[in-house]
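For reference, the structure discussed in these notes is given below.
The values are calculated or read from the model by the stated rules, or taken from the named source; none is laboratory data. These numbers were taken from a predicted model, which means no experiment stands behind them. Cβ placement follows ideal geometry from the backbone for every residue including glycine, while neighbour counts extend to all protein chains displayed.
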Amino acid sequence: MFSKSRTPDVVPQPAPPPGTGMTETAPEPRASFAPSAPKPKPAASVLSSDITISGNIRSSGDIQIEGNVEGDVRSQVVIVGEAATIQGEIVAEEVVVHGRVVGRLRGIKIRLSATARVEGDIVHKTIAIENGAHFEGSVHRQDDPIGQGQPARITGPSRQSGALAEATP
């Protein structure tokens, strides 16, 4: 009943009447394909609080960082834990910050929780900043903040004018 292999469905055929000269042949099996179940999403990779990474991190899945990272992080979803510190740029479809980030955040959905401490610019499509979050930098809305379409790069505030400058590649 719960076997991975499936026997083909066979439709019984009536036997030819005797003496008609017709020989009996085995019926052809009908191909029956059951849709396969979707693959479950793998669990997030967790970098525990006792880990310090010096270098960039890149993942095609989700990452939850509880330790310290000195480098850029690029993933589908990045969750920065309360005790975590990231010194570098975070680029992801979804970024949730509970800890400290010193660097730019770029993401489709960005959320700064009440315990977040962010020092850097944010480029987003949607953003939520909870009451109590600490943020120093500029916020810029962009339809494609992670650069999936056209490569656009936003630089930090100019020290002379205090305005955002857009660099062209």
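Results, tabulated for the structure shown:
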read-out	value
Strands (runs of 3 or more DSSP E) wholly inside region 34-111 that include at least 1 residues being farther than 21 Å from Ile146 by Cα and of a type in the set (A, V, I, L, M)	45-47, 52-54
From the options Asp72, Asp121, Asp144, residue that is among the charged types (D, E, K, R) and surrounded by 20 or more Cβ atoms within 10 Å (Cβ to Cβ)	Asp121
Unique match (being closer than 25 Å to Gly132 by Cβ, in contact with an Asp or Glu (Cβ under 7 Å, 6 or more places away or on another chain), touching a residue at least 12 places away in the same chain (Cβ under 8 Å) and of a type in the set (Asp, Glu)) among Glu82, Glu89	Glu89
Whichever residue in region 125-137 is under 19 Å from Thr115 (Cα atoms) and not aliphatic (A, V, I, L, M) and, among such residues, is surrounded by the fewest Cβ atoms within 10 Å (Cβ to Cβ)	Asn131
Number of positions in region 112-124 that are in a loop (DSSP other than H, G, I, E, B) and not β-branched (Val, Ile, Thr)	5
Residues (surrounded by 11 or more Cβ atoms within 10 Å (Cβ to Cβ) and modelled with pLDDT of 65 or more) located in region 147-169	Gly147
Residues of region 125-144 that turn out to be in a strand (DSSP E or B) and either under 19 Å from Gln76 (Cβ atoms) or free of Cβ contacts under 8 Å to residues at least 12 places away in the same chain (or both), as a count	4
Gly147, sole failed condition from (1) on the phi > 0 side of the Ramachandran plot; (2) touching a Leu at 6+ places or on another chain (Cβ under 8 Å)	(2)
Options Val123, Val80, Val118: the member that is modelled with pLDDT of 95 or more and closer than 20 Å to Ala44 by Cα	Val80
